[in-house]
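Here's the structure, in structure tokens; my notes come after.
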Amino acid sequence: MNQALLDKIQSEQFRKDEAKFNVGDSVRVHTKVVEGEKERIQIFSGVVIGKRGRGLNETFAVRRISYGEGVERIFPLHSPRVDKVEVERHGSVRRAKLTYLRKRLGKGATLVKEKVAKVVAKAK
């Protein structure tokens, strides 16, 4: 297929509100859930442990601890089922995938260092 035609079709499917988050951030993902004829918003909050893909195929994985059990869920970034992504706090990590959080228990499974803005004090 013609690449220009593919780009035009894909550009219409992209998310209008750009979600600015990275791996290590604590996020709240608002998803649309259909139950019968009714539709409601369900919130899944946790730590982003990975991002992959590019363009329309971009996905991100969110992990949380629910009743002592680790739960991971993968969301397509540009899906119409994902209503919005709220960043609760920004994390400071040094790697692209946080799969090592799967082995941790308790608070260590959810803790990612919070990003601190550096303030440079002028010397007088």
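Where strands (runs of 3 or more DSSP E) fall entirely within the stretch 18-94, those with at least 2 residues that are touching a residue at least 60 places away in the same chain (Cβ under 8 Å), farther than 18 Å from ARG104 by Cα and of a type in the set (D, E, K, R) are at 82-89. For the stretch 95-107, name all the residues that are within 16 Å of VAL62 (Cα to Cα) and either exposed (fewer than 13 other Cβ atoms within 10 Å of the Cβ) or under 17 Å from the mean Cα position of the chain (by Cα) (or both). If the condition is that a residue be within 16 Å of VAL62 (Cα to Cα) and either exposed (fewer than 13 other Cβ atoms within 10 Å of the Cβ) or under 17 Å from the mean Cα position of the chain (by Cα) (or both), then ARG95, ALA96, LYS97, LEU98, THR99, TYR100, LEU101, ARG102, LYS103 are the ones that fit.
Taking the stretch 1-26 as the range and being within 21 Å of VAL85 (Cα to Cα) and exposed (fewer than 10 other Cβ atoms within 10 Å of the Cβ) as the test, the residues that pass are GLU12, LYS16, ASP17, GLU18, LYS20.
Got a number for residues in the stretch 30-54 being over 15 Å from the mean Cα position of the chain (by Cα) and either buried (at least 16 other Cβ atoms within 10 Å of the Cβ) or over 14 Å from LYS84 (Cβ atoms) (or both)? Matching residues across the stretch 30-54 total 8. Residues in the stretch 1-59 that are under 14 Å from PRO76 (Cα atoms) and among the charged types (D, E, K, R): ARG15, GLU18, LYS32, LYS51, ARG52, ARG54, GLU58.
Yes or no: the stretch 81-92 includes at least one residue that is modelled with pLDDT of 90 or more and at positive phi. No; the residues of the stretch 81-92 include none that is modelled with pLDDT of 90 or more and at positive phi. You will find that of LYS8, LYS38, LYS51, LYS32, the residue that is at pLDDT below 90 and of a type in the set (Lys, Arg) is LYS8 and no other.
The values are calculated or read from the model by the stated rules, or taken from the named source; none is laboratory data. Quick caveat, the model's predicted, so the values are computed rather than measured. Glycine also receives a Cβ, built like all others from the backbone with ideal geometry; neighbour counts cover every protein chain displayed.
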